[in-house]
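*Asks:* This is the structure, below, for whatever I ask next.
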Amino acid sequence: MQTDVIQRKGRVRLGRDIQGKIGQQLRAMYDDVVKEGVPDRFADLLRKLDERKDKDAG
Amino acid sequence: MAEARTVRDEILAAVPSLRAFAISLSGHVDQADDLVQETLYRALAHIDSFQPGTNMPAWLFTILRNLFRSDYRKRRREIEDADGKYAESLKSHPEQEGKVEFEELRAALQKLPSDQREALILVGASGFSYEEAAKICGCAVGTIKSRVNRARARLAELLSIEDAAEFGPDHKTRAVLSTGARR
């Protein structure tokens, strides 16, 4: 599909290798945040909103 | 009552990924978390419009994405020193400072137009299909595909300039040899 090295406007643009590397880095960066889990701030918020709902319903 | 618990659990389960999406989109952790909070408020306020059994993460991502876009348009009017503000956000989260390896990638991501950035993250990191990403962004599948391709090409350009050195002289030699005419 793509040659490994593409010359364009005087700059070397590396193809498949670097695309794969970028994809890996992107997912690693993303997963790093996912691993942090749910900060208390959000768990608390959801719990409070739920409690308020229960109170209104009751 | 039991139904409400399940919905809350579903929403909670999506928070880590929502945060990752928000942080990758905005580049600023604090701003991203505020965005996630607003998303949760909005989701719960409009929970009746969510059809149980359908894709909850996609629904939440759509809310967050729309909030980001309306917020983003407001912020574009402000002159933003991307480096300065990002450095500030790092200070408030010292654990991020260690992740120098992603610094270049984050900076490069911020250089992409936001519609390319969101498409790339949704498909390349969040794990949505092109069809799901198209629904989240409210556009055609073909549009998402071209945005993703352009984002990838642009990132490759932005990052390969620094990376070229890592690949060593062999690649450069091959490059020169492969174009003959340039010599």
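The values are calculated or read from the model by the stated rules, or taken from the named source; none is laboratory data. The shown structure was predicted, so the numbers you read here are calculated from the model rather than taken from an experiment. We place every Cβ from the backbone using ideal geometry, glycine too, and count neighbours over all the protein chains shown.
*Asks:* Within the stretch B:146-157, can one find any residue that is under 16 Å from the mean Cα position of the chain (by Cα), away from chain A (no Cβ under 14 Å) and not polar (S, T, N, Q)?
*Replies:* So far as the stretch B:146-157 goes, yes, one or more of its residues are under 16 Å from the mean Cα position of the chain (by Cα), away from chain A (no Cβ under 14 Å) and not polar (S, T, N, Q).
*Asks:* Quick one: how many residues across the stretch B:42-64 are free of Cβ contacts under 8 Å to residues at least 40 places away in the same chain and within 21 Å of the chain's Cα centre (by Cα)?
*Replies:* Counting residues in the stretch B:42-64 that are free of Cβ contacts under 8 Å to residues at least 40 places away in the same chain and within 21 Å of the chain's Cα centre (by Cα) gives 4.
*Asks:* For residues in the stretch A:21-38 being over 19 Å from B:L122 (Cβ atoms) and more than 7 Å from every other protein chain (Cβ to nearest Cβ), which is modelled with the highest pLDDT?
*Replies:* A:K35
*Asks:* Restricted to the stretch B:115-138, and to residues that are of a type outside the set (A, V, I, L, M, F, W, C) and either at pLDDT below 95 or not in a helix (DSSP H, G or I) (or both), which residue is surrounded by the fewest Cβ atoms within 10 Å (Cβ to Cβ)?
*Replies:* Step one: list which residues in the stretch B:115-138 are of a type outside the set (A, V, I, L, M, F, W, C), which gives B:115-118, B:124, B:126-127, B:129-132, B:135, B:138.
This time we only want the ones that are either at pLDDT below 95 or not in a helix (DSSP H, G or I) (or both), so: B:126-127, B:129, B:138.
Numbers: B:S126: 23, B:G127: 13, B:S129: 13, B:G138: 11.
By that ranking, first place goes to B:G138.
*Asks:* Right, here's the next one. Of the numbered conditions (1) surrounded by 15 or more Cβ atoms within 10 Å (Cβ to Cβ); (2) more than 23 Å from B:G124 (Cα to Cα); (3) more than 12 Å from chain A (Cβ to nearest Cβ), B:M56 fails exactly one; give the number of that condition.
*Replies:* Among (1) surrounded by 15 or more Cβ atoms within 10 Å (Cβ to Cβ); (2) more than 23 Å from B:G124 (Cα to Cα); (3) more than 12 Å from chain A (Cβ to nearest Cβ), the lone unmet condition for B:M56 is (2).
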